[in-house]
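Q: Quick one: the structure is below, and I'll ask about it shortly.
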Amino acid sequence: MMVGQAMRDQQRELTVFRSRLMLSGLAILVAFGLLFARFMWLQVVQQSYYHTLAEQNRISVVPVVPNRGLILDRNGLVLAANYSAYTLEVTPSRVANVEHAIDELAHVVDVTPRDRRRFRKLMEESKNFESLPIRTRLSEEEVARFAVNRFRFPGFEIKARPFRSYPQGELASHAVGYIGRINDADVKRIEAAGLTTNYKGTDHIGKLGIEGAYEKELHGVTGSEQVEIDAGGRAIRSLSRNEPVSGNNLVMTLDLKLQKIAEDAFGDYKGGLVAIDPRNGEVLALVSRPGFDPNLFVDGIDPQSWDALNNSPDKPLNNRALRGQYPPGSTIKPFMALAALEYKKRSPEYTIADPGWFTLPGVAHRYGDWKKGGHGMVNMHKAIEQSCDTYFYGLANDMGIDLIHDFLTRFGFGSRTGIDIDGELPGLAPSQEWKQQRFHQKWYAGDTVSVGIGQGYMLATPLQLATATAILANGGRIVHPHLLKAIQDAKTREMHPAVLPPEDDHPAVKPENLALVRDAMVDVTKPGGTAVVAFANAPYAVAAKTGSAQVVGMKQGEKYDERRMKKEHWDNALFIAFAPADDPKIAVGVMVENGQHGGSTAAPIARKMFDYYLLGKEPPQAEKALPKPDESAPADAEEEHD
Amino acid sequence: MISRAFELLSRRIDGPLAAALALTISLGLAVVYSASAASMDRTFGQVRNLAIAAIAMWLFAQVHPRVLMQLALPTYIAGLGLLVGVALFGEIRNGARRWLNLGFTTIQPSEVMKIAVPLVLAWYFHRREEGLRLRDFVIAALILVIPVGLIARQPDLGTALLIFASGFFVIFLAGLSWKVLVSLVAAGAAAAPFVWSFLHDYQRQRVLTLLDPSQDPLGAGYHIIQSTIAIGSGGILGKGWLNGTQAQLDFVPERSTDFILAVFGEEFGLVGNIVLMVLYLLIIARGMMITANASTVFARLTAGAITLAFFTYAFVNMGMVTGILPVVGVPLPMVSYGGTALLSILAGFGILMSISTHKQLVAS
């Protein structure tokens, strides 16, 4: 009985087991059916969709950055060039502890404190997923050493990249400008110009000078390449390529040797200088001293160098040629004289007896002449030749400020010349209206008297002085100073001359008046003139005018005594000149800060330039000091100025 | 002489099962080679794993089911002890306490339980052959839930679920009444929100990501998105061996282990997937036949549980890689690279073979 029960139980258990096993089998079939359906859905129905996604995953279109155009001087000397070098780049988002990783890296390749500082600054300025250079210009050996250790540095990559270099270093840096890494403001400008696509892959953009102003020409057209990438974004192989178009080469109007002579001639003086070809407005030299090394900016300047440049009392980053607004001092006198002739306020013969000072009717204040005791009997010619202040005080007073303003404006004073690089300041040609607007004050007769000798409210940039001088030189034709001579098409190698604003052939002044002033200016460089020493034995005729302008105001009767003053309060020295006087080929405006006397510090600079430009004579030290463009090995350019 | 040796070696080996396993394993090796970027080192590593697992299978096949039954309880108790040891002294790797350092080697005791739990449950029901009562099922449930709970706490949700499944299969096949079953499911559904609150964040994330992988395309959803792209882009015929772009360009994560099906599906297409499913079904079908013909309760329940557990491994992995099940970290049986899972699976098949080849002796 018990056995039978057990048998039945066993039988029942077996039946239950079998049915449940069958059920499991069914469930398994259903489950595999479900999987099959899923495979069908993914691999048959949705296949093309997933195929597209897979292709998008693996194919990446990467930009191919064009070579930036070269910048050359008028004789073909290279001012800005490219070279290819290895950089070691880091994507911070892919590295857990960047500082630590760089410490490790320093065992493999050299990482200087300066590299670190620069990198830290870059990191602050950029987004974490961007690839940033920690080291540039790696040697072949360093590249090899890194390659061996590469597995230790995820997120670090060696890249071959084109670099900008400025083989001339400081020379002409204010005219050439520099490129720097694209910042947020640049991105906005690029977006506004609709150039976002063309700047894909481009890290750098022209910031200043020619580099900034002709960015569009220099950049070129970005190409593209389809590459197969892996999940880490590394390119595995190229699938197709659309070549980029290099940027156009720019030929500048600068004569690099002339520029070098001018910069050297400044010595340790600060100041600005512009030399213009009066026939066409080509800027032959554009000097702002002290200069800076544009190579420092190419890969993001490190904070220390930046602070040094930015906080220096000498303000090396300030382009004095365009942005230095100084009282023109006596260099304004030829223009004043011309104004008086044009407006018939003075005849050439009009003569005064100079007691050494000038007073306004009914006012006791004496406006002193630089020469104690005065110049004796003075007509216009002598007034220019000897720079007689008294003569011009009276002249200005008789003309009145508004006539002066109108006339000076015709020579470009008080407004931007429109030179083709950014940052120019307008200077100031004051008028009654201006003073009312600016200070809500009435114009006083005394204000006009100061303007008569280029002091008071009057301000001009070296560029304006040079431009106005060029107009004097070329017979009164307006010139448009410019730095671009021609654009060389990257593809065809054809030269396209720079497009200039239409020239106004109508002279600004009567030729006979101009001739009179020019004759007087020529005598400035002759015995009896204020620039005779600087131009002794010059085999060409030079028309010039010296000037010096107070940096600080002087009280009545106070005597200017350089020995009792700080150097930065010494007078600025000015000089304008053009030569040869009868057929001018070059006009300059020179401003030497705290140079005191135009004749002794500013004029010799012009002399050296004229000697070279007109006679081909080079100062002995200049020849060997000028770096040859072929030896512009970029490797040293940076270290030199470190 | 040679034929005698062969006879001795193959005496306890089930021919059809061994053939199906060999085919699947060969296919798996080819995929491992491709998934490891044609690395011979890794492929040979897998061959070594296979050799060890095959020896284990052969050894288990030699052991009489009766001996296994005798070993079931001691093994289970030892395994439980090790699990407690893990909970107390275990090593933490990747945020989970799963390993126990025994001085000479580190082991993962949960792997032992994959075999020990179904064995001990089968042993229990075998002993209770004469009329099962509800009390027996309660005890069985306890035997099951204690190790599963310990493993889930490590946390190792995938393994816990798989062990629970294999133990549950034993209980189910032993004849747990439908009434209890249905009420358990109902209770489970009711407890789901409660369980949810006990899940670790990463486990919740996995469930949420499963529901909508696009929520977190770079994090948790990345695996599923890339694996479905890989499989889907494979199409009907696949991109060809070693030619899967998703796989070879590193887009599929964990491509030689848990997500190896994505590599396989991309390179061999729908056709490959069907072949793989057919192979799995053949293995399962053979396992069911052995189960159906087993002569004792212990043998039946053990064989059934092993077969169904194998199915579960395959289904859960394929479901997870194709995006219809949560990502729980289960390898694709006999294809994924890795020794431990292979060892426990082939050991299980060794037991199946033992049951298959020893039944005549038992019957007589």
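Q: Just report the Cα centroid separation between segment B:33-50 and segment A:144-177, whole Å.
A: Answer, in whole Å: 41.
Q: Report, in whole Å, the centroid distance computed from the Cα atoms of segment B:318-349 and segment A:336-412.
A: Their Cα centres are 103 Å away from one another.
Q: Oh, and also: What residue among B:242, B:23, B:347 has its Cα farthest toward the positive end of the dipole of chain B, where the charges are +1 on Lys, Arg and -1 on Asp, Glu, each on the Cβ?
A: B:347
Q: How large is the charge dipole for chain B, taken about the Cα centre, if only the Cβ atoms of Lys, Arg (+1) and Asp, Glu (-1) carry charge, to the nearest 20 debye?
A: 960 debye
Q: Where a ≥ b ≥ c are the square roots of the eigenvalues of the C-alpha gyration tensor, would you call segment B:70-198 rounded, which needs a/c under 1.5, or, failing that, prolate if a/b is larger than b/c, or oblate?
A: Details: a/c = 2.96, a/b = 1.36, b/c = 2.18.
Since a/c reaches 1.5 but b/c is at least a/b, the shape of segment B:70-198 is classed as oblate.
Q: While we're here: Can you give the FRET efficiency for residue A:567 and residue A:243, using 1/(1 + (r/R0)^6), R0 = 56 Å, r = Cβ-Cβ distance, to the nearest 0.05?
A: 0.45
Q: Nearest 20 debye, what's the magnitude of the dipole of the protein assembly as shown about its Cα centre given +1 on Lys and Arg Cβ and -1 on Asp and Glu Cβ?
A: Dipole about the Cα centre, nearest 20: 3980 debye.
Q: Once label points are set 7 Å from the Cα along Cα→Cβ at both residue A:52 and residue B:204, what is their separation, rounded to one decimal in nm?
A: 3.6 nm
Q: Specify which residue in the list B:180, B:166, B:95 is farthest towards the positive end of the charge dipole of segment B:70-198, using unit charges on the beta carbon of Lys, Arg (+1) and Asp, Glu (-1), about the Cα centre.
A: B:180
Q: Of A:545/A:608; A:333/A:545; A:315/A:585; A:270/A:315; A:371/A:510, which sit over 20 Å apart, Cα to Cα?
A: On the way: A:545/A:608 16 Å; A:333/A:545 8 Å; A:315/A:585 32 Å; A:270/A:315 9 Å; A:371/A:510 32 Å.
Beyond 20 Å: A:315/A:585; A:371/A:510.
Q: Students often get this wrong: which residues of segment A:147-164 have the backbone nitrogen under 13 Å from the point 7 angstrom along Cα-to-C-beta of residue A:107?
A: Flagged as within label range: A:149-150, A:152-153.
Q: OK, next. Averaging over every viewing direction, what projected area does the convex hull of the Cα atoms of chain B cover, in nm²?
A: Numbers: hull surface 80.1 nm².
Mean shadow area of the hull around the Cα atoms is 20.0 nm².
Q: Another question, if that's okay. Along Cα→Cβ, 7 Å out, is where each label goes; now give me the distance between the ones at residue A:148 and residue B:133 in nm to one decimal.
A: For residue A:148 paired with residue B:133, the spin-label model returns 7.9 nm.
Q: Above 12 angstrom, tally the Cα pairs of segment A:158-212 and express them as a % of all pairs, no decimals.
A: 70 percent
Q: Turning to a different aspect of this structure: Testing the spin-label approximation: label points 7 Å from Cα along Cα→Cβ at residue A:533 and residue A:344. State their distance in nm.
A: It works out to 4.3 nm between the two label points.
Q: Hey, another quick one. Length gain on complete extension for the stretch residue A:307 to residue A:19, per 0.36 nm per residue less the alpha carbon to alpha carbon distance?
A: 95.0 nm
Q: Okay, next question. For chain A, state the semi-axes of the equivalent ellipsoid (square roots of 5 times the eigenvalues of the alpha-carbon gyration tensor), sorted largest first and rounded to whole angstrom.
A: Working through the eigenvalues yields semi-axes of 73, 25, 24 Å.
Q: Can you tell which of A:97, A:69, A:28 lies farthest toward the positive end of the dipole of segment A:12-156, using +1 and -1 charges on the Cβ of basic and acidic side chains (Lys, Arg; Asp, Glu)?
A: Value computed over the given set: A:28.
Q: DSSP H helices in chain B with Cα extent of 27 Å or more along the helix axis and mean Kyte-Doolittle hydropathy at least 0.5?
A: Span-like helices, by this rule, are B:15-35, B:40-62, B:65-89, B:134-153, B:178-198, B:260-293, B:297-321, B:339-363.
Q: Let me ask something additional. Normalised by the number of residues in segment A:61-252, what is the relative contact order in percent for Cα pairs under 8 Å and 6+ residues apart?
A: Relative contact order here is 35 percent.
Q: Tell me the relative contact order for segment B:70-198 as a rounded percent, counting alpha carbon contacts under 8 Å between residues six or more apart.
A: 23 percent
Q: Work out the FRET efficiency for residue B:93 and residue A:197 from their Cβ-Cβ distance, taking R0 = 56 Å, and round it to the nearest 0.05. Intermediate results must be reported in sequence, preceding the final value.
A: Values: r = 48 Å, r/R0 = 0.86.
The pair residue B:93/residue A:197 has a calculated efficiency of 0.70.
Q: Note down the magnitude of the dipole of segment A:61-252 about its Cα centre, charges +1 on Lys and Arg C-beta and -1 on Asp and Glu C-beta and zero elsewhere, to the nearest 20 debye. Write down the numbers at each step before the final one.
A: Working: 27 positive and 26 negative charges, 18 e Å.
Roughly 80 debye, rounded to the nearest 20.
Q: Rounded, prolate or oblate: which fits segment A:1-140, taking a ≥ b ≥ c as square roots of the Cα gyration tensor eigenvalues, rounded meaning a/c under 1.5, else prolate when a/b beats b/c?
A: Taking the square roots of the gyration eigenvalues as a ≥ b ≥ c, segment A:1-140 is prolate.
Q: Next question. Mind checking the full-extension length gain between residue B:19 and residue B:146? Use 0.36 nm per residue of separation minus the Cα-Cα distance, one decimal, nm.
A: So the chain would gain 42.0 nm between residue B:19 and residue B:146.
Q: Now, a different point. To the nearest 0.05, what FRET efficiency results for residue A:26 and residue B:271 with a Förster distance of 25 Å applied to their C-beta separation?
A: According to the calculation, E is roughly 0.45.
Values quoted throughout were computed directly from the atomic coordinates according to the rules given, and no laboratory measurement underlies them. Quantities reported herein were computed from a predicted structural model and do not represent experimental measurements. FYI the Cβ positions are ideal-geometry reconstructions off the backbone, even for glycines, and counts take in every protein chain you see.
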